[in-house]
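J.: Sending over a structure as structure tokens; questions will come in a sec.
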Amino acid sequence: MAEPSFETALVTGATGYVGSRLAARLVGLGKRVHVVARPGSRLDLLAPIADRLTVHRHDGTTEGLVAIVADARPDVAFHLASNFIAQHVTADVAGLVGANLLFPTQLLEALASAHVDRLIATGTSWQHYEDAPYRPVDLYAATKQAFEDVLAYYADACGMKATTLVLFDTYGPRDPRGKLVSLLWRTARAGRPLAMSPGEQKLDLVHVDDVVEAYLVAAALLDGRAEPTRRYGVATGRPLALRESVAIFERATGLRVPIAWGERPYRPREVMTPWTTWDALPGWTARIALEDGLIGTEPDGV
Ligand SMILES: NC(=O)c1ccc[n+]([C@@H]2O[C@H](COP(=O)([O-])OP(=O)(O)OC[C@H]3O[C@@H](n4cnc5c(N)ncnc54)[C@H](OP(=O)(O)O)[C@@H]3O)[C@@H](O)[C@H]2O)c1
């Protein structure tokens, strides 16, 4: 991979799973890394690199974020912060809009006022239900899209170059998010049947190390690019049915996962086939096959 040319990066969502792995990779490359955390954010995932990055606690105000970005003076910002809720209830609305629209708009304002003109942001394949150019699966995906509309303004009006990486499913070691792979480990170890849907829905699982590499490739591509905004899918392009993914898990780990298929219905607006018409990120491909990538993903405390 081409060495990214920037020296200083600002990362949002760095206390989360993908963001913490990106921050660690950037630190490993010798970059200066600033992260934006909330007053109550836990820094557990950043503990191994805590002495090699600068943590800024954002007080929630636009002015506060403007001051943080002015202080950090990054060459590029990586925006990964998000509130993910698959099926929201009324009480979730403010949190979704706050995390996925207000906070990143504050970030754009702060970047613009500090003349930071390079941004890598994060979208979701769920903005493309049933392969539509835009049809959000849920309110989470709708708020992600709303941010991209705001981004179009800042990129155009402020001379910013921004790439949105559209993520599909991610997995990897030390993943605290309780997603599919962690659930499979827990179910296999517990040996108690887990009720699931019929399992025909397809997933495109990308190893977190491949995802992190996509952010670096995307940042390198900003140099010299003409268009203000671009979006690329971060996917293998070979989605597998949930049943097939579980079979690969069983082969890779040598464990049996006692799943009671069809004991639960599909959820409303289940994504049966992920988005297919994404643009590939030039110079990037998912390198880690699922059977290899699953090794070492057993969560702590199983
Ligand atoms: N399956 C996938 O992994 C997938 C698929 C599609 C898209 N994505 C996107 O990929 C990105 C990374 O996902 P992830 O799974 O690594 O996330 P994650 O582990 O859930 O972490 C979320 C991060 O966002 C921060 N955050 C939440 N609400 C915030 C707010 N109101 N203001 C500021 N920061 C806030 C969290 O900070 P705290 O520590 O303070 O909570 C945390 O650092 C997200 O943008 C997500 O939407 C992921």
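J.: Restricting to Cα atoms and excluding each atom paired with itself, what does the Kirkwood estimate give for the stretch 76-202 in Å? Working shown, then result.
T.: Details: mean 1/r = 0.0604 Å⁻¹.
The answer is 16.6 Å.
J.: Sorted by packing (mean other beta-carbon atoms within 10 Å per residue), highest first, where do 35-41, 116-122, 80-86 land?
T.: Numbers: 35-41: 17.4, 116-122: 23.3, 80-86: 19.0.
Taking the mean over residues of other Cβ atoms within 10 Å, the ranking is 116-122, 80-86, 35-41.
J.: Mean residue ellipticity at 222 nm from the helices of the chain, using -39,500 (n - 2.57) per DSSP H segment of n ≥ 4 over the full residue count, to the nearest 500 deg cm²/dmol? Walk me through the numbers on the way to the answer.
T.: Numbers: 9 runs with 101 residues, N = 302.
Helices in the chain give a 222 nm mean residue ellipticity of -10000 deg cm²/dmol.
J.: Rounded to whole Å, give me the distance from the Cα center of the stretch 6-35 to that of the stretch 42-86.
T.: Rounded to whole Å, the Cα centres lie 9 Å apart.
J.: State the volume of the convex hull built on the alpha-carbon positions of the chain, expressed per residue in Å³ and rounded to an integer. Could the numbers behind the result be given before it?
T.: Values: hull volume 39.5 nm³, N = 302.
About 131 Å³ per residue, rounded to a whole number.
J.: Let me ask another. So for LEU294, LEU10, LEU139, fewest C-beta neighbours within 10 Å to most, what's the order? Please report the intermediate quantities before stating the final value.
T.: Working: LEU294 25, LEU10 28, LEU139 17.
In increasing order of surrounding Cβ atoms, one gets LEU139, LEU294, LEU10.
J.: Using the C-alpha gyration tensor of the stretch 191-255, what are the square roots of 5 times its eigenvalues, in whole angstrom, with the largest one first?
T.: On the way: eigenvalues 247, 38, 15 Å².
After scaling each eigenvalue by five and taking roots: 35, 14, 9 Å.
J.: Which log10 I(q)/I(0) values, to two decimals, does the stretch 169-302 give at q = 0.17, 0.22 Å⁻¹ under the Debye formula with one point per Cα?
T.: Each listed q maps to, in turn, -0.96, -1.38.
J.: Calculate, in nm to one decimal, what TYR153 and HIS115 gain on full extension: separation in residues at 0.36 nm each, minus their alpha carbon distance. Let's see the in-between values first.
T.: Values: separation 38, 0.36 × 38 = 13.68 nm, distance 1.51 nm.
Here the answer is 12.2 nm.
J.: Residue by residue through the stretch 175-190, which ³J(HN,Hα) values in whole Hz follow from phi under the Karplus form 6.51 cos²θ - 1.76 cosθ + 1.60 (θ = phi - 60°), with glycine and proline marked x?
T.: 8, x, 7, x, 7, 3, 4, 4, 4, 5, 4, 5, 5, 4, 5, 6
J.: Can I ask one more? Using only C-alpha atoms and all pairs of different ones, pull out the Kirkwood radius for the stretch 250-302 in Å with one decimal. Don't jump to the answer; show the numbers that get you there.
T.: Numbers: mean 1/r = 0.0652 Å⁻¹.
So the Kirkwood estimate lands at 15.3 Å.
J.: If each residue's Cβ is checked for other Cβ atoms within 10 Å, how do MET272, MET160 rank with the fewest at the top?
T.: Numbers: MET272 12, MET160 22.
Result, fewest neighbours first: MET272, MET160.
J.: Let me ask something additional. Express in nm, to one decimal, how much length is gained between ALA132 and GLU200 on full extension, taking 0.36 nm for each residue of separation and deducting their alpha carbon distance.
T.: Here the answer is 22.5 nm.
J.: Taking 0.36 nm per residue of sequence separation and subtracting the Cα-Cα distance, how much length would be gained by fully extending the chain between ASP71 and TYR266, in nm to one decimal? Mind dumping the intermediate values first?
T.: Values: separation 195, 0.36 × 195 = 70.20 nm, distance 4.77 nm.
Length gained, ASP71 through TYR266: 65.4 nm.
J.: Given a Förster distance of 45 Å, report the FRET efficiency between ALA50 and ARG251 from their Cβ-Cβ distance, rounded to the nearest 0.05. Don't jump to the answer; show the numbers that get you there.
T.: Working: r = 37 Å, r/R0 = 0.83.
Efficiency computed from Cβ-Cβ geometry: 0.75.
J.: Excluding GLU291 itself, what net charge comes from residues whose Cβ is under 12 Å from its Cβ, given Lys and Arg +1 and Asp and Glu -1?
T.: Values: positive: ARG251; negative: GLU244, GLU250, ASP292.
Residues close to GLU291 contribute a combined charge of -2.
J.: Count the net charge of all other residues whose Cβ sits under 12 Å from the Cβ of GLU270, scoring Lys and Arg as +1 and Asp and Glu as -1.
T.: Working: positive: LYS202, ARG264, ARG267, ARG269; negative: GLU130, ASP138, GLU200.
So the environment of GLU270 carries a net charge of +1.
Computed from the coordinates by the stated procedures, all read-outs in this text should not be read as laboratory data. Just so it is clear, the structure is predicted and the values come from calculations on it, not from any experiment. Every residue, glycine as well, gets a Cβ built from its backbone with ideal geometry; the counts of neighbours run over all protein chains shown.
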